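Peer 1: Below you'll find the structure I mean.
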Amino acid sequence: MTPEAASFSFPRGRALPVMGVVLALLAAWYLAALLGNWNGAADALARAGAAPDTAKIAAATMAQERPVVPAPHQVFSELSRSTVGVPLGSKRSLVYHAWVTLSATLLGFALGSALGIALAVAIVHLRSVEASLMPWIVASQTVPILAVAPIVIVALGAAGLTGLLPKAVIAAYLCFFPVTVGMVKGLNAPDRIQRDLMRTYSASRGQVLARLRWPAALPDLFASLKIAVAASLVGTIVAELPTGAQAGLGARLLAGSYYGQTVRIWAALIAAAALSALLVQGIGLAEAAAARAMGARAPGAAR
């Protein structure tokens with residue numbers, strides 16, 4: 001088995017607990033659907049003139065067209081219908097909407113990560129930058145993204161910037177902060193004696209950064225990137241909500257809320273969660289590859 005394949009497989013002895021948790025979640029989901037849809041199903045049967053039989057009401061809670069809480073099989077059926085049941089390029093395809101969101105997410109993640117790394121390098125080397133920028137960096141994350149997103153979208157739209165870029169800017173806004181904080185911690189990880197030793201070798205700041213600080217910062221960098229990529233996806237979806245976007249998972253959620261299609265909303269939410277998990281897994285694979293390239297063991301390899 002290749003290392004990449006091994007990273008996707010469960011370690012021996014963990015499959016059963018994981019399956020137990022999955023079954024418990026499904027059971028809780030079905031119970032929530034039963035309780036959440038009970039009154040609506042009972043009213044629908046009463047309007048149809050059917051006897052209020054408990055078994056019939058329970059069965060009806062699992063098959064409502066617009067349930068309060070859709071049952072798992074309804075959501076999975078919608079996922080199947082909107083992924084393999086329609087052409088991939090169709091606007092009814094969830095894959096098409098996921099790709100639109102993913103494109104803006106990756107662009108925002110690249111912009112935010114580059115900005116976060118650049119800020120961290122500047123903060124570590126220039127005390128004036130730390131004193132002047134760090135409070136603003138922290139304060140930027142206290143502003144609700146739901147308030148910032150419409151302002152940014154409208155301002156960039158007035159400047160003629162439309163398409164992926166405005167959404168990517170929102171995604172970058174959310175993801176640069178964890179990268180900055182993680183990289184500052186990682187770049188400061190080497191002990192003073194190690195930095196002094198490099199100076200005795202007449203190493204320049206660039207050489208100290210490339211050969212000491214950067215390798216020491218990689219564990220913190222990848223940990224922060226995992227947080228940042230998930231935050232970037234959230235930022236993209238939030239950016240799609242106030243603009244009336246025609247494509248993307250945010251647009252799918254918005255359309256579902258307009259027409260009361262809770263099954264479609266839940267399917268889009270699960271697609272977003274799966275997309276986030278895949279992105280985090282991709283960062284994990286990059287981390288393992290970087291560790292092997294540096295001759296180190298990947299995190300968790302010894303467990």
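The values are calculated or read from the model by the stated rules, or taken from the named source; none is laboratory data. All of these numbers come straight from a predicted model, not from anything done at the bench. Positions of Cβ are generated from backbone atoms using ideal geometry, with glycine treated the same way; all protein chains shown enter the neighbour counts. All accessible areas refer to the heavy atoms of the entire protein, side chains included, with ligands and DNA or RNA removed. Shrake-Rupley method; radii C 1.70, N 1.55, O 1.52, S 1.80 Å.
Peer 1: Return the residue satisfying two criteria in turn: it lies in region 150-164 and is over 16 Å from Leu107 (Cβ atoms) and of a type in the set (A, V, I, L, M, F, W, C), and of such residues it is most open to solvent (accessible area, probe 1.4 Å).
Peer 2: Ile151
Peer 1: Restricting region 32-60 to residues that are closer than 25 Å to Trp266 by Cβ and charged (D, E, K, R), which is least open to solvent (accessible area, probe 1.4 Å)?
Peer 2: Among residues in region 32-60 that are closer than 25 Å to Trp266 by Cβ and charged (D, E, K, R), the one least open to solvent (accessible area, probe 1.4 Å) is Asp43.
Peer 1: Same structure, new question: Among the residues of region 43-74, how many are touching a Ser or Thr at 6+ places or on another chain (Cβ under 9 Å) and of a type in the set (A, V, I, L, M, F, W, C)?
Peer 2: Number satisfying all stated conditions: 3.
Peer 1: Also, quick follow-up: Name the single residue, out of those in region 111-123 being over 19 Å from Leu212 (Cβ atoms) and in contact (Cβ under 8 Å) with a residue 24 or more places away in the chain, that is surrounded by the fewest Cβ atoms within 10 Å (Cβ to Cβ).
Peer 2: So the residue we want is Leu115.
Peer 1: In the set Ser232, Ser224, which member is surrounded by 18 or more Cβ atoms within 10 Å (Cβ to Cβ), under 30 Å from Tyr96 (Cβ atoms), modelled with pLDDT of 90 or more and touching a Gly at 6+ places or on another chain (Cβ under 6 Å)?
Peer 2: After ruling out the rest, the residue left standing is Ser232.
Peer 1: Could you grab me the full set of residues in region 124-144 that are under 17 Å from Cys175 (Cβ atoms) and buried (at least 17 other Cβ atoms within 10 Å of the Cβ)?
Peer 2: Ile137
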